[in-house]
Ligand SMILES: [Fe+2]
């Protein structure tokens, strides 16, 4: 599929970010990328704080066969790469950019940077590193998100009031905790420390996606519509979307949920059996062009298409298009992480709520898939796609036929409420608050997005949001009975 920019210029328009290497397969390319960054300071705004120095993960001689790394070694490699990715995301943000909170759902970038650090400090260092001294005893009140077991905290809607500590001081906090974590991981840590470190890494990856969607929401409020990353014109398809095919799946009794091999969040298990009737899934996600047909077909003005709560929300919020869409010179444009861009009819629609996704499915004479149908389709499919490491930062048109876009591009709303699987038990202690207490009033999304860090999602991964939320990279894929 040929792409052209709005000015007719074709070609590459983004750069692969420097950390875009997978830990498990880091070869010469990755080693050069990391080595090339060593000692480089991150230029945030005016550079008012001390330069952060990248630490080079363990270099290995790739000319000889390498034994599989131990769990400690793998985590020692992955932790700094994850932490540096957060700094890369913060690059270019002024202290003001990183401090303002644009709505209650969104958090300032500075808060994300500090909260993920607090997680390592509180869950791991304070308990497991003898003699550890907290960077600042006041920080737990500021950066505890929602853990009742860990004490009182600053109200979420007022995170934007935390003008101090400065961004530079938050970076100092990160460096303090990074040094302590490195020390702990060098000291033959207990299995519990390794498990919590892996949880902390995955937690920070979740916040890396939130940092992007929260910055996008913040910049969309600014009449100047600043770009998070350089605003080269993004491609608009000339040839239209891939034709939509239907993929048929047999029904039957099958196992779902994580099997216990490798990391998973607690809500992904226990693995259990679930009955499926035969069903069909669309070969790709719903596109912007199809969404325009929904708009022009009266989708936002036809109550019969909507759930009752959805229609009430349409009325209350005045929804007439996906979040961030607007008209410019009689064309449809949208705000993106690369600034204002024309809506690409062939790309997946994004920033739509569950209510909108459900109404579109009704408009199309279809339905949303259940999370089990989605997971059944994802069995045996590598979790690869247009994610954060592509550098594109927005969904891309499907390309190649077959079952496309399962991973990356847009999170896909499912018809399934976020509920515990049979046999689910909340873990003891503060980590038990991670997912279980949110199993109420939210729907499951699957597959990751263009903002998801590489290696973060898998077939059993369950994201979840309330049905009216639109600021995530959320879209949909149609389903039908078999
Ligand atoms: Fe968190």
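For region 339-371, taking the residues that are under 19 Å from residue 385 (Cβ atoms) and over 21 Å from the mean Cα position of the chain (by Cα), the one that is surrounded by the fewest Cβ atoms within 10 Å (Cβ to Cβ) is identified as 344. Annotation note: Cβ proximity below 7 Å between a residue of region 327-352 that is on the phi > 0 side of the Ramachandran plot and a residue that is part of a strand (DSSP E or B) and crowded, with 21+ Cβ neighbours inside 10 Å (sequence gap 6+ or interchain) occurs for 351/474. A residue that is in contact (Cβ under 8 Å) with a residue 60 or more places away in the chain, within 15 Å of the ligand (Cβ to nearest atom) and over 23 Å from residue 182 (Cα atoms) occurs nowhere in region 73-84.
Listed here are the strands (runs of 3 or more DSSP E) enclosed by region 367-476 that have at least 3 residues being more than 16 Å from residue 206 (Cα to Cα): 411-417.
Would you check if there is a residue in region 73-88 being farther than 22 Å from residue 185 by Cβ and modelled with pLDDT of 60 or more? Please lay out each step first, then the result.
Start the filter on region 73-88 by keeping residues that are farther than 22 Å from residue 185 by Cβ, which leaves none.
No.
Listed by position, the helices (runs of 4 or more DSSP H) inside region 112-227 whose residues that are buried (at least 16 other Cβ atoms within 10 Å of the Cβ) and within 14 Å of the ligand (Cβ to nearest atom) number at least 2 are 139-143, 191-221. Checking 235, 251 one by one, the residue that is touching a strand residue (DSSP E or B) at 6+ places or on another chain (Cβ under 7 Å), crowded, with 21+ Cβ neighbours inside 10 Å and in contact (Cβ under 8 Å) with a residue 60 or more places away in the chain is 235 and no other. Residue-level check: of (1) farther than 29 Å from residue 442 by Cβ; (2) in a strand (DSSP E or B), residue 326 misses just (1). When residue 279 is tested against (1) touching a helix residue (DSSP H, G or I) at 6+ places or on another chain (Cβ under 6 Å); (2) surrounded by fewer than 21 Cβ atoms within 10 Å (Cβ to Cβ), only condition (2) is not met.
Which residues, counting only those in region 99-111, are closer than 20 Å to residue 178 by Cβ and either within 12 Å of the ligand (Cβ to nearest atom) or without any contact (Cβ under 8 Å) to a residue 24 or more places away in the chain (or both)? It would help to see each step written out before you state the result.
Looking only at region 99-111, we keep the residues that are closer than 20 Å to residue 178 by Cβ, and these are 109-111.
Listed by number, the list holds a single entry, 111.
The values are calculated or read from the model by the stated rules, or taken from the named source; none is laboratory data. It should be emphasised that the depicted structure is a prediction, and the values quoted were computed from it without experimental measurement. Methodologically, a virtual Cβ is constructed for each residue, glycine included, from the backbone with ideal geometry; neighbour enumeration extends over all protein chains shown.
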